[in-house]
1. Kindly indicate the residue of region A:120-151 that is of a type outside the set (D, E, K, R), part of a loop (DSSP other than H, G, I, E, B) and within 26 Å of residue B:237 (Cβ to Cβ) and also nearest to the other protein chains (Cβ to nearest Cβ) among those meeting that condition.
2. Filter region A:95-104 down to residues that are of a type in the set (A, V, I, L, M, F, W, C) and more than 7 Å from chain B (Cβ to nearest Cβ), then give me how many there are.
3. Quick check, is residue A:217 modelled with pLDDT under 85, away from every other protein chain (no Cβ under 14 Å) and more than 16 Å from ligand 1 (Cβ to nearest atom)?
4. Restricting attention to region B:258-265, does a residue exist that is among the acidic types (Asp, Glu) and not in a helix (DSSP H, G or I)?
5. Out of all the residues in region B:50-88, which are within 18 Å of residue B:276 (Cα to Cα) and not in a loop (DSSP other than H, G, I, E, B)?
6. Could you say whether any residue in region B:177-198 is in a helix (DSSP H, G or I), more than 12 Å from chain A (Cβ to nearest Cβ) and closer than 26 Å to residue A:86 by Cβ?
7. Determine, yes or no, whether residue B:245 is modelled with pLDDT under 90, touching an Asp or Glu at 6+ places or on another chain (Cβ under 8 Å) and assigned by TED's automatic domain parsing to the domain that holds residue B:299.
8. What are the pairs with Cβ atoms under 6 angstrom where one residue, in region A:29-51, is charged (D, E, K, R) and the other, located anywhere, is within 16 Å of ligand 2 (Cβ to nearest atom)? Sequence gap at least six, or different chains.
Amino acid sequence: MLEVKNLKTYIDTENGTVKAVDDVSFQIKAGETICIVGESGSGKSVLAHSVMQLNPSPPVFHPEGEIIFEGKNLLNVNEKELRRVRGKEISMIFQDPMSSLNPVFRVGDQLIEAIRSHEKVSKKAAKKRAFELLTDVGIPDPERRLHDYPHQFSGGMRQRVLIAIALAGRPKVLIADEPTTALDVTIQAQILELMRSIQKKYGTAIILITHDLGVVAQIADRVLVMYSGRIVEKGSVSDIFYRSTMPYTWSLLRSLPRIDSDASERLIPIQGQPSNLIERPKGCHFEPRCPFATKACLEIDPSLTKRGEGHWAACILSEEEFSKKKQELEVNAQKGVAK
Amino acid sequence: MLQYTIRRLISIIPVMLVVSIIVFMIVHLTPGNPAYLILGEDSSKEAVQQLEEQLGLNQPIVIQFFDWVTNVFKGDLGESVYSSEPVLSIILDRIGPTFSVMLVSMIFTLVIAIPIAIFVVWKRQTVLDPLFISASLLGASIPEFWFAMLLVLGLGVSIPIFPVAGYIPIAEGFLPWLHHLILPAFVLATVEIGLISRMLRDGMLEAVNQDYTKTARAKGIKESAVLMKHVFANALIPTTTVIGVTIAGLLGGTVIIETIFTIPGIGQLLIDSIHRRDYPVIQGVVLFIAVIYVIINLLVDLLYGLLDPRIRYD
Ligand SMILES: Nc1ncnc2c1ncn2[C@@H]1O[C@H](COP(=O)(O)OP(=O)(O)OP(=O)(O)O)[C@@H](O)[C@H]1O
Ligand code: SF4
Ligand SMILES: [Mg+2]
């Protein structure tokens, strides 16, 4: 339904061109959930914004690639067509619910605006639908809340309102860029539950960007792992969690907290800084930080190779080489502890 | 809101008291004897003394002040020493022209500054933006008297489209009234257009990349609607303060403009009264301007509450 092909999203800056998204491809089918994980600065948000053309342009531009939605390349459609897609076909919710609602307009009006931007309905009908939407996303006393201003809502309630706004046009794809990062843990779980129930009810495809591997494990059908503007591994949840032989994924899994994980399990941060997005090194971009790196990694920039059905990874190591190295690393680590 | 308004109105009283002390001092401590000026250069000492007694100028200054203030509180601003008319009615006679100039120039300002700002923000990635910045700076810093002269020479004398001076009350016809006001109001508006459009542009540029603007765009509404509704509404809040100060500034500007275009308003009244040492009128006018200033400030604060729902007055 939605297919991103060889997408490049570059950003002109004073210091040079930032290759925030560099040759990314993936597709999503109706009703599917894709999670995008990766370190801060790996280009997840830029990628998500690219799909809806919400990056500020200039400085952002697309030197290459296609974003195909129902047969049309969104990078080529005119402004009117793009507006029809936004909110009606593809919707997005953002990381910070506190700043994503316009502070000077009533919540109801912002919701009605979203409804009426795609459907020629009367004010009254739109209001009725706004009421239903707020009920749908679990806001108590929706009749009264329609007349309130954003500052009268808590963070979790605001995110619910934003989800209601995103759902107003009955979109086929919902993109959520870390929708729960700014919220309390209990609220996080509620918002995710809400997204899942919406998916079940309407068959919405969801692209979820998250740092939370527990969430990934719970709701993802497929996972994309991003590093320095590229997808370095993609596959099913079990491919990524249990069958990954990709050093970056392995490091990432060890560095991120999981709701469902044992608290005693130590988090091991990834050493070093993410690679420079302006001047790309010649070999593998993860090489300077990769505990598995070999000499060859300095020369070869690995592309995604097939590891199984629907499982792809970008690393020159074979499965055997990876396991061998991993064992060595673990032995060394134990020696270190023993000392 | 009502309570707040009442509290604010009450708080005006001490402000006005201070203002009146200052006004009174300035007028009475400047050299130049009114009695002498009224009677003319070759008047006798006795005549001057007699007039001083009549006007109460020989009383201690504190007494003079208290007399004046108590009368002001009773609504009596005294009488002109020049024409013997009540000061209040003199001022009321002159309000029309001044408010007319201010009103028309305020309308000019808003009608020109708002679309310009929106357009510049819409075309923010083009050369229009740096051009606008220079132009607005120029507008904000142009000397009024010089610009007025220029316009009079250009559009009053060389190409006589507009009258070079004078004022026609609105009662004698809307079009002649407007026709006479266009040049002076435009001169007054230039500075304000520069200031307000720049302020709006800055505010809008800040709002244009806010998350809520992204939410609005993601709904699929037109970019023009995003700018004119979501971005503009937020930029208007900080700009309101400037608009308030601006209206007050217009009052000051009218003094110059009314002199150049010979408009019989408050500004000209003030200048004339200073020349005549007509101190009751000077005091009355300055006090009146101060009252207007304070009221505008109050209105701006209340407007703030309407524009920004996060502000509550209680
Ligand atoms: N407007 C911009 N101008 C310049 N650089 C930008 C801009 N937007 C993003 N970038 C750069 O693009 C890169 C990718 O940023 P992006 O926001 O997509 O990261 P992210 O993966 O979403 O990180 P996080 O997890 O912190 O949200 C970063 O290096 C960032 O500095
Ligand atoms: S290619 Fe080399 S440096 Fe890159 S991830 Fe694989 S082992 Fe590490
Ligand atoms: Mg991000």
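The values are calculated or read from the model by the stated rules, or taken from the named source; none is laboratory data. Keep in mind the model is a prediction, meaning the values are calculated, not measured. As a convention, Cβ positions derive from the backbone with ideal geometry for all residues, glycine included, and neighbour counts pool all protein chains shown.
1. A:149
2. Number of matching residues: 1.
3. It is false that residue A:217 is modelled with pLDDT under 85, away from every other protein chain (no Cβ under 14 Å) and more than 16 Å from ligand 1 (Cβ to nearest atom).
4. Quick first cut of region B:258-265, residues among the acidic types (Asp, Glu) only: B:258.
Keeping just the survivors that are not in a helix (DSSP H, G or I) gives none.
Checking region B:258-265: not a single residue is among the acidic types (Asp, Glu) and not in a helix (DSSP H, G or I).
5. Quick first cut of region B:50-88, residues within 18 Å of residue B:276 (Cα to Cα) only: B:51-52, B:54-57, B:77-88.
B:51, B:52, B:54, B:55, B:79, B:86, B:87, B:88, listed by residue number.
6. no
7. No: the conditions fail for residue B:245.
8. These pairs meet every condition: A:39/A:274; A:44/A:38; A:44/A:226.
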